[in-house]
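A.B. asks: The structure that follows is given in the form of structure tokens.
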Amino acid sequence: MFTLIARARKDAKALNYINERNYGGFLKVESLGGGRKKEEVLENLERAIREPYIPVLLLGEKEKELMEELLPVLRDSAKPFYARLLRTKRVRNMRVDELYSHIEEIKARFRLGIEWNDAYALNPENPFGIELNPDYDIYLAIGDGFRRSMRSILGVELGENSLVLRKTMNQEVYFSGPNKVAEVSKKLGFPTEVLWRCPCVEDVSLDSLIELNRDYIEAFANASRAFLETFQDYDIIVPWSGGKDSTATLILAKETFGKVTAVYVRMEYEMPETDEYVEGLAKRLGVDLIRVDVPMPIEKYGMPTHKNRWCTKKKVEALYSVVSEFERPVLLVGDRDGESARRRLKPPVVERKTGFGKILEVMPVKFWSGFMTQLFILMRGFELHPLYYEGFYRLGCTICPSLAEWEVELLKKRGVKAPPG
């Protein structure tokens with residue numbers, strides 16, 4: 001979660017309009033009180049920085065000198081921040097949609113921006129030069145299994161713990177150390193294609209990755225927990241697939257509330273090793289786990305397709321059958337901006353209408369990258385789902401229509417075959 005900071009109250013009013021319109025009012029907006037000199041605004045700035053949310057300072061060109069005075073204060077805070085001088089006299093002079101685009105691009109910087117320091121370190125200034133786009137994501141290619149899969153299936157060599165920039169249409173750019181080593185298209189419905197490759201691999205230490213990013217990710221975890229504390233009076237339920245995003249959400253929920261119920265809707269064609277992963281980690285976390293088994297009668301409905309995702313309907317119905325038994329439930333879901341434009345455009349809290357009344361869906365890792373959720377789980381001393389170490393970016397069912405050819409090949413390597421139908 002972010003705090004948007006402007007100099008004057010009228011500027012903050014312009015930001016707050018966007019906050020209410022696009023983010024459901026769940027970001028914070030602060031004014032520096034209107035002062036034009038450091039000593040006039042310092043107290044307000046320091047108060048905003050002390051808040052757990054991540055600060056974003058937005059000033060206009062007429063406030064350039066003030067920006068230069070305030071940047072050292074932000075740097076001394078030792079927490080992630082971003083400051084931008086907009087190409088307009090004041091924040092309130094910028095068109096609303098243009099100002100919104102700036103905020104979206106800055107949000108993307110926080111989860112995509114990288115600095116190379118013998119390992120990949122998150123930095124919204126992005127000195128490494130990662131291509132920035134609000135709909136992109138980054139994640140780590142962790143494990144020998146991932147490297148073997150890339151080599152055996154695609155003939156691409158990766159170093160240990162490579163960085164992956166995941167662009168739209170499932171197009172991925174791979175980095176080994178500071179080097180770009182490959183670009184691969186995993187577009188749905190098309191063969192996996194290596195667009196180019198370079199044999200210049202370099203290993204990166206996982207321990208270094210964790211230590212370089214620890215403070216940054218802890219700052220985001222603190223912001224997410226502060227956001228979650230708004231929902232203290234609810235029954236906390238986490239729909240848990242075993243994937244990295246719902247797992248990070250579950251850990252945050254446990255750290256924030258203590259008492260948490262995880263609901264594992266176990267589809268008939270579940271991914272391998274998910275049962276063992278979910279049950280083992282639930283015990284280690286000390287959360288209540290409810291498992292619901294859902295049959296998938298493909299002989300009746302046919303194979304799921306993008307136009308007929310009857311399986312999703314069954315999964316949601318199974319989840320809501322559990323949730324309806326709670327007096328005041330709220331669902332903490334692992335949706336993130338980097339997964340799709342559709343998810344990015346949703347506010348951090350969505351109200352759903354169900355057969356048993358309205359229910360809130362809350363997204364505490366919405367502004368995180370896959371890179372961040374992976375490292376957060378590892379920082380807490382837990383392993384990722386085993387399939388991530390073999391080349392998967394996301395988890396679902398083995399007959400999911402959203403499986404790319406790459407994922408189908410990975411499942412074949414495990415001996416998983418699609419059922420007849």
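A.B. asks: Express in nm, to one decimal, how much length is gained between Leu345 and Phe382 on full extension, taking 0.36 nm for each residue of separation and deducting their alpha carbon distance.
C.D. replies: 10.2 nm
A.B. asks: Let me ask another. Can you give me the three principal axis dimensions of segment 282-390 from its C-alpha atoms, in Å, biggest first?
C.D. replies: 43, 36, 34
A.B. asks: Calculate the length of the line joining the C-alpha centroid of segment 19-94 to that of segment 95-114, in whole Å.
C.D. replies: Segment 19-94 and segment 95-114 have Cα centres separated by 15 Å.
A.B. asks: Could you tell me what a quarter of the Cα convex hull surface of segment 327-370 works out to, in nm² with one decimal place?
C.D. replies: Spelled out: convex hull of the Cα atoms, projected over all directions, averaged, 3.3 nm².
A.B. asks: Would you check the accessible area of Tyr136, probe 1.4 Å, heavy atoms only, in square angstrom rounded to 10?
C.D. replies: 20
A.B. asks: Could you list, bin by bin from short to long, the percent of Cα-Cα pairs of segment 198-336 in 10 Å steps?
C.D. replies: Distribution as computed: 10, 33, 31, 18, 8, 1 percent.
A.B. asks: Based on the alpha carbon coordinates of segment 97-152, what radius of gyration and maximum Cα-Cα distance (Dmax) apply, in Å?
C.D. replies: Every Cα atom of segment 97-152 included, Rg and Dmax give 14.4, 47 Å.
A.B. asks: Continuing with the same structure: Given 25 °C and 0.890 mPa s, how large is the Stokes-Einstein diffusion coefficient of the chain in µm²/s, with Rh as the Kirkwood radius over Cα pairs?
C.D. replies: 108
A.B. asks: Compute for segment 24-123: radius of gyration divided by Kirkwood radius, i.e. Rg/Rh, restricted to C-alpha atoms, rounded to two decimals.
C.D. replies: Ratio value, two decimals: 0.96.
A.B. asks: If you count only protein heavy atoms and use a 1.4 Å probe, how large is the accessible surface of Ser241, to the nearest 10 Å²?
C.D. replies: 40
A.B. asks: May I pose another question? Taking amide hydrogens as modeled 1.01 Å from N in the peptide plane, which residues meet the under 5 Å criterion relative to Val265, leaving out close sequence neighbours?
C.D. replies: Residues meeting the criterion, in which the H sits 1.01 Å from N, are Trp240, Val292.
A.B. asks: As a test of the formula, what do you get for the chain when each DSSP H run with n ≥ 4 contributes -39,500 (n - 2.57) and the sum is divided by the residue count, at 222 nm and rounded to the nearest 500 deg cm²/dmol?
C.D. replies: Theoretical 222 nm ellipticity from helices: -11500 deg cm²/dmol.
A.B. asks: Let me ask something additional. Would you mind checking the tilt of helix 370-379 against the longest principal axis of the Cα atoms of the chain, expressed as 0 to 90 degrees and rounded to 10?
C.D. replies: Orientation of helix 370-379: about 80 degrees from the principal axis.
A.B. asks: Next up: In the structure shown, do any of Lys28/Lys346; Lys107/Lys353; Lys10/Lys62; Lys107/Lys346 have a Cα-Cα gap over 19 Å, and if so which?
C.D. replies: On the way: Lys28/Lys346 17 Å; Lys107/Lys353 29 Å; Lys10/Lys62 15 Å; Lys107/Lys346 14 Å.
Table pairs above 19 Å Cα-Cα are Lys107/Lys353.
The values are calculated or read from the model by the stated rules, or taken from the named source; none is laboratory data. All figures in this text were calculated on a predicted structure; none of them were measured in a lab. SASA here: full protein model, heavy atoms, side chains in, ligands and nucleic acids out. Shrake-Rupley method; radii C 1.70, N 1.55, O 1.52, S 1.80 Å.
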